[in-house]
Amino acid sequence: MEKSLPPLTPGTLYLVATPIGNLEDITLRALRTLKECDAVAAEDTRHTGQLLKHFGITRPLLSCFRFNEARRSEEIIARLGRGEKVALVTDAGSPGISDPGERVVKAVLIAGYRVEPVPGACALVTALTASGLPTDEFHFIGFLPHKPAQRRKRLEALKSVPGTLVLYESPYRVGRLLAELSDIFADRPVVLARELTKKFEEFLRGTAAELLEAANQSASKGEFVVMVGDSRPERPQ
């Protein structure tokens with residue numbers, strides 16, 4: 001490691017990945033960035049406040065969630081204009097990946113300021129690499145629409161997409177999703193990942209119908225990463 005690390009750059013927005021479960025998910029660089037920035041823009045200031053407290057970090061917190069991103073972007077840009085260093089975090093994982101952040105990044109770049117990623121944990125990559133499904137080509141879908149007709153239309157459109165499909169789903173709708181997958185992707189392998197990097201991390205593998213039966217028999221907590229295998233024949237390694 002470098003003996004002398006360069007200081008943070010004034011007028012820069014830092015996108016800091018935070019733990020998705022285990023607090024040891026956080027990187028040394030993320031900790032240094034959070035310690036040295038002038039303010040932390042957080043999806044949930046209470047959640048991030050507990051994270052900072054755990055690591056002995058005290059920084060001013062700004063709320064930056066889905067419904068105030070546009071307004072908060074203006075304040076962040078004003079801070080950057082004064083030469084401040086601002087860290088943007090979400091509750092877990094990388095900002096902008098099915099979490100707030102995309103609108104802030106666009107606004108900051110349009111305003112002419114620098115954006116620097118501080119990479120780390122991401123549920124998408126964590127689940128996919130341990131799934132056993134092909135990783136050479138995959139498509140991240142994120143969360144599906146809530147309305148049944150829109151969900152089915154989206155899933156039907158994905159039937160022709162090659163590679164592994166990766167979705168996020170809440171524990172309250174995962175049964176519904178598995179029923180939809182059983183109907184539309186009946187013969188494809190499916191992997192469910194939950195409680196990633198936590199004590200009770202679990203991967204469930206099978207068809208959507210098999211996993212639906214298992215899901216109906218257990219009380220699930222936390223969001224799921226749902227992965228659907230490729231429809232094409234196995235490719236040579």
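The values are calculated or read from the model by the stated rules, or taken from the named source; none is laboratory data. Predicted, not measured: the structure shown is a model, and the values here were computed from it. Cβ placement follows ideal geometry from the backbone for every residue including glycine, while neighbour counts extend to all protein chains displayed. Ligands, DNA and RNA are excluded from the accessible area calculation, which covers all protein heavy atoms including side chains. Shrake-Rupley method; radii C 1.70, N 1.55, O 1.52, S 1.80 Å.
Brief remarks on what is shown
- Single match in Ala127, Ala87 (criterion: open to solvent by less than 80 Å² (accessible area, probe 1.4 Å), part of a strand (DSSP E or B), at pLDDT 95 or above and within 24 Å of Leu28 (Cα to Cα)): Ala87
- When Leu28, Leu23 are checked against the criterion of being exposed (fewer than 13 other Cβ atoms within 10 Å of the Cβ), touching a helix residue (DSSP H, G or I) at 6+ places or on another chain (Cβ under 8 Å) and under 28 Å from Lys199 (Cα atoms), Leu23 stands alone in meeting it.
- Residue tally, condition part of a loop (DSSP other than H, G, I, E, B) and touching a Lys or Arg at 6+ places or on another chain (Cβ under 8 Å), over the range 190-205: 2
- When Phe200, Phe143, Phe138 are checked against the criterion of being open to solvent by 50 Å² or more (accessible area, probe 1.4 Å), modelled with pLDDT under 95 and not acidic (Asp, Glu), Phe200 stands alone in meeting it.
- Within the range 145-169, tally of residues that are charged (D, E, K, R) and outside any helix (DSSP H, G or I): 3
- Test: residue in the range 132-144 that is part of a helix (DSSP H, G or I) and among the polar types (S, T, N, Q): no
- Any chance Ala87 is in contact with a helix residue (DSSP H, G or I) (Cβ under 8 Å, 6 or more places away or on another chain) and within 18 Å of Gly222 (Cα to Cα): no
- In the range 54-84, residue nearest to Lys198 (Cα to Cα) [restricted to those that are modelled with pLDDT of 95 or more, open to solvent by 30 Å² or more (accessible area, probe 1.4 Å) and hydrophobic (A, V, I, L, M, F, W, C)]: Phe55
- Hey, His47 within 18 Å of Leu23 (Cα to Cα), over 20 Å from the mean Cα position of the chain (by Cα) and open to solvent by 60 Å² or more (accessible area, probe 1.4 Å) or not: no
- Test: residue in the range 109-117 that is open to solvent by less than 30 Å² (accessible area, probe 1.4 Å) and either touching a residue at least 60 places away in the same chain (Cβ under 8 Å) or more than 27 Å from Arg71 (Cβ to Cβ) (or both): no
- Looking across the range 90-104, just one residue is in a loop (DSSP other than H, G, I, E, B) and over 14 Å from Val16 (Cβ atoms), and that is Ser98.
- Flag if Arg176 is at pLDDT 95 or above and either surrounded by 12 or more Cβ atoms within 10 Å (Cβ to Cβ) or not in a loop (DSSP other than H, G, I, E, B) (or both): no
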